[in-house]
Amino acid sequence: MIFDQIKIHNLFSYYGEQVFDLRKPSKGCNIVLISGRNGFGKTSLLNSVKLLFGGITESLRRSIQRGRMPSERQYVSGIGEDWLGMMNRRAYVEGQNECGIQIIWQEELGNVQVSRRWVVNGEKIHKELMIKASFLQEMITDIHKAQDFLNERLPLDYLPFFFFDGEKIQELAEANAIVQQQHIERLLNISPINTLRDYLSKVISEWKREALDEKTQTELSKLENALESLEIQYTTKQHLSRDINYNIEGLEERIQQLERVIDRMQAFRYQRNEVLLKQEQQQLEEQRIQLQTKIAETLPRDIPLLANLKLVKRTISQLSELLDTQSHTQTHQLLNDLIASLPNELFDKPPDPKTQLDEQQRVFYQDRLVQLLHQRISNPTPLETVLRLEPSSIKSILGKLQRYTLEEVLQERINDLPKLQKIKTQLIKIDEKLDTISSLSADERTRYQQHKIKQKKYQNELINQKAEFKKLLSEMKGLETEISKKKAGITQLQKQVELNEQTRQKVELAKELRDFFTQYKDRLKDKRKKEIEQAINHYFPILMTAHKMIHYIRVTPDFELRYENAEGQALGINNFSSGMRQLIATTLLWALKEVSGKNIPLIIDTPLARIDREHQDNLLSQYYPTVGKQVIILPTNSELDERKYEQLKPYIYKEYCLYNSQGDTTEVKEQTIYKGIPNK
């Protein structure tokens, strides 16, 4: 298949009718270069080609990054600011109601012209798909038959392998293993064997069913009908759950975007500042009141004392001496009391010792004790002026006066007044800022409130969507249980069958055929696996020349890729950079295209993506010139500079530049990406 012409009408950024003439003028060149700045229409061209072959697929609808996944009608005409629709916005505003794409190509059987268009009539959208071919007696206008014609040449599952964004192809090497296996099996024509096996299994079930008695058949039919109904319900809820999950992701993104917008808005900053300023104002006001009260209570009392520290210290000294004297006097009085009472208490009061002292001994010891106590008494020296204060009062006064001898007390009193003045200054500045905030324009406040309302709306919708998603999962779990029960019941009934000899032979033959196709599929997969493995290990060293970290890429029976170093040790894909992953995916595509033998044009957006300079050179010199008979590359001028362009130029047979100054009016001009360099 070689594209001769692509004609786009009112699709995406293409206003009116824009034509790409891709007919090859000579042999030896296979590349069409269609360049343009970001937003000029390269991705629009890629998606338009996808639309022609597959229509509005779920993959295209899910490719919209913002908001919920649109319906087919919404994908055409838009859903507000989140998605403007695939129909050119300018054409739509002008009242035009048609959009579409036409591709003319050459294949082995002859010339083919395919046209797909959409006509918008109010809420309804009319779809058309028409095919003319030199080898067809009449034009195909039935949309289902026309789609079958396209699927024979390029099934929907093939699209990601031939029309892709270079930045996203690494997803192929990291894709879900089951999905990847299904895609590759279809690409390599292995999947029809699954269809044969499924059909044989169905035939076996029908033959067994015919052998059942009428009552059992009726019961089996009821179970099968119930199972079919449950599976339809489950599939419906499964699709709905995917849609809701997509909506949840879209709402979360919307909320995050609004939060960023609100955060940048002056009103938000002012409102946030207003709250913070009022909190600070309240705290400062409390500090001001506390400090003023403290100064009013302490300053009149403390100033005289702090100004006469010598007097304070002398008073402290005298009070300390007085406290010591009173303590000595109390001790002297205690000893006198002991002299008067202790001798008599010790010698004259019972109980007496068993061996009693005589009178002379008793008097001797009494006199001796009195003399010893007198020796311990020293007469206190009274103060010149005796203060009549209790010891507890003296201690209290001392504690208060001694505080004024500390340096920090004086410093605290010195700092209180400036601190109060600073608080008052801060309060004045806050008042000024609050006055500025109150002067915010009404329009700004209105816009801010509108964003806040929208944010709240999305948040409520998100809560509802999550609740609905949870409910759906619960219902699906219940359906899974019911489906398992129905399947178990069907299996139980089928076991009751008693086959006659003729039916038994047919069933056995069908089983043998099914086993044969299973074995054939396994052998075919193994053969294809080896071919892919051989091709990918041939091409990867051509593209990847920086190092030999990956020594061998092994392809598993399920077409997964396993990476090994020179010692045969496994390497996880997370060990590789994004650029390296892209090279791996590119190599996989190259190998699959070779092994599949599909002669379909490649269309590659962002062809060099994150890859470094040296490996870009490899792609330009080794990959694009040889990977297919027709390769359409969609680069920006920054991606393909003059040096790279010169490297690719020998393989280019047609060039177009895209211009789109208004955003919705892409113009197609046949010229080189760099003016002054002659085109062929």
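Brief remarks follow.
- Residues of the stretch 584-623 classified as part of a loop (DSSP other than H, G, I, E, B), among the β-branched types (Val, Ile, Thr) and touching a residue at least 40 places away in the same chain (Cβ under 8 Å), total: 2
- Residues located in the stretch 638-663, provided they are under 22 Å from residue 578 (Cα atoms) and surrounded by fewer than 21 Cβ atoms within 10 Å (Cβ to Cβ): 638, 639, 641, 644
- Counting the residues of the stretch 10-39 that are within 20 Å of residue 89 (Cβ to Cβ) and surrounded by fewer than 22 Cβ atoms within 10 Å (Cβ to Cβ) gives 5.
- Remark: pairs (first residue in the stretch 266-293, part of a helix (DSSP H, G or I); second residue among the β-branched types (Val, Ile, Thr) and at pLDDT 80 or above; Cβ separation under 9 Å; 6+ apart in sequence or on different chains) = 284/423; 285/423; 287/423; 288/423; 291/423.
- Matching entry among 592, 620, 561 (being modelled with pLDDT of 80 or more and on the phi < 0 side of the Ramachandran plot): 620
Table: residues versus (1) closer than 24 Å to residue 53 by Cβ; (2) not basic (Lys, Arg).
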| residue | (1), (2) |
| --- | --- |
| 577 | no, yes |
| 593 | yes, no |
| 630 | yes, yes |
| 635 | yes, yes |
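- Residues that are surrounded by 19 or more Cβ atoms within 10 Å (Cβ to Cβ), in contact with an Asp or Glu (Cβ under 8 Å, 6 or more places away or on another chain) and at pLDDT below 90 are absent from the stretch 102-113.
Results for (1) surrounded by 13 or more Cβ atoms within 10 Å (Cβ to Cβ); (2) of a type in the set (A, V, I, L, M), shown as yes or no for each residue.
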| residue | (1), (2) |
| --- | --- |
| 505 | no, no |
| 512 | no, no |
| 524 | yes, yes |
| 528 | yes, no |
| 533 | yes, no |
| 536 | yes, yes |
| 550 | yes, yes |
| 557 | no, no |
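The values are calculated or read from the model by the stated rules, or taken from the named source; none is laboratory data. It should be emphasised that the depicted structure is a prediction, and the values quoted were computed from it without experimental measurement. Ideal geometry is used to build each Cβ from the backbone, glycine not excepted, and the neighbour counts take in all protein chains shown.
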